[in-house]
Amino acid sequence: MDAPAIEVRGLGKRYGEGDAAVDALKGVDMTIAPGEVVGLIGPSGSGKSTLLKCLGAVIEPTKGFMALGGVPVFDGGWKIRDLRGLRRDSIGFVFQAPYLIPFLDVTDNIALLPMLAGKPNREARRMAVELLEALDVGHRAKASPAELSGGEQQRVAIARALVNRPPIVLADEPTAPLDSERALNVVRILNRMAEQYRTAIIVVTHDEKIIPTFRRIYRIRDGRTYEEAGEGRAA
Ligand SMILES: Nc1ncnc2c1ncn2[C@@H]1O[C@H](COP(=O)(O)OP(=O)(O)OP(=O)(O)O)[C@@H](O)[C@H]1O
């Protein structure tokens with residue numbers, strides 16, 4: 001059996017020290033298989049962003065254990081030196097706002113990442129166009145981001161998160177600005193990509209439109225996670 005894409009045990013994060021200390025994560029346990037899409041749901045201040053940042057090696061946890069793809073990344077301290085390389089090669093991020101670069105066309109917004117990773121420009125553009133087509137925005141490949149609708153921009157942001165084929169994608173409220181049909185379309189795409197590329201995807205969301213689509217959900221309350229079965233309805 002494949003190693004879990006994400007395995008987390010007793011993960012904790014404390015911000016600050018002494019009287020000002022805030023225990024944002026108090027003990028998170030989580031196991032996510034390659035190809036799985038799970039929802040992460042919790043009230044404001046419960047620790048969702050902190051958990052995504054720890055999983056994405058953007059901030060350092062303060063206790064516990066975390067392995068990505070079977071490789072220990074944190075065990076009371078970082079186990080990997082090149083965290084930037086880890087983020088670049090293993091993790092894709094999707095945010096609520098697409099954050100596309102306004103002066104690059106859609107293709108180059110995506111091709112930039114493989115180019116930075118050392119791929120020849122032509123190959124990087126080919127990878128970008130292939131993904132844009134898979135996400136049904138191939139016809140907008142030469143447009144500039146400002147010419148796209150909100151849903152199209154979000155699909156381009158998803159293409160960018162997937163272009164280096166990371167085994168893990170962390171999506172923070174990716175459907176918040178979208179109407180029901182477009183939100184469900186984004187979820188359909190994430191599910192399809194997870195299946196096709198065996199990507200493990202965590203979706204932080206408050207969005208009632210998409211919550212019933214998850215097969216598995218982690219609820220986070222006061223810095224602790226609770227696993228539950230989702231409805232797993234077709235998006
Ligand atoms: N840099 C920081 N320094 C100190 N405390 C922080 C910091 N970032 C977050 N916190 C605190 O940690 C707790 C968890 O915050 P976090 O942003 O992870 O919650 P969240 O669930 O993402 O909230 P929201 O849904 O409102 O974005 C909160 O009490 C917050 O005030």
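The values are calculated or read from the model by the stated rules, or taken from the named source; none is laboratory data. The structure displayed is predicted, hence computed values, not measured ones. Ideal geometry is used to build each Cβ from the backbone, glycine not excepted, and the neighbour counts take in all protein chains shown.
When Val203 is tested against (1) within 26 Å of Tyr15 (Cα to Cα); (2) within 13 Å of the ligand (Cβ to nearest atom), exactly one condition is not met: (2). For segment 158-185, which residues satisfy the criterion of being touching a strand residue (DSSP E or B) at 6+ places or on another chain (Cβ under 9 Å) and in a helix (DSSP H, G or I)? If the condition is that a residue be touching a strand residue (DSSP E or B) at 6+ places or on another chain (Cβ under 9 Å) and in a helix (DSSP H, G or I), then Ile158, Arg160, Ala161, Leu162 are the ones that fit. Within segment 186-209, the residues that satisfy the criterion of being at pLDDT below 90 and in a loop (DSSP other than H, G, I, E, B) are His206, Asp207, Glu208, Lys209. Scanning segment 14-56 for residues that are closer than 30 Å to Arg233 by Cα, part of a loop (DSSP other than H, G, I, E, B) and either modelled with pLDDT of 95 or more or in contact with a strand residue (DSSP E or B) (Cβ under 9 Å, 6 or more places away or on another chain) (or both) gives Ala33, Pro34, Gly35, Glu36, Gly42, Pro43, Gly45, Ser46, Gly47, Gly56. Of all residues in segment 210-235, those satisfying the criterion of being hydrophobic (A, V, I, L, M, F, W, C) and part of a strand (DSSP E or B) are Ile217, Ile220, Ala229. Within segment 14-36, at least one residue is more than 16 Å from the ligand (Cβ to nearest atom), in contact (Cβ under 8 Å) with a residue 40 or more places away in the chain, buried (at least 20 other Cβ atoms within 10 Å of the Cβ) and under 28 Å from Gly230 (Cα atoms).
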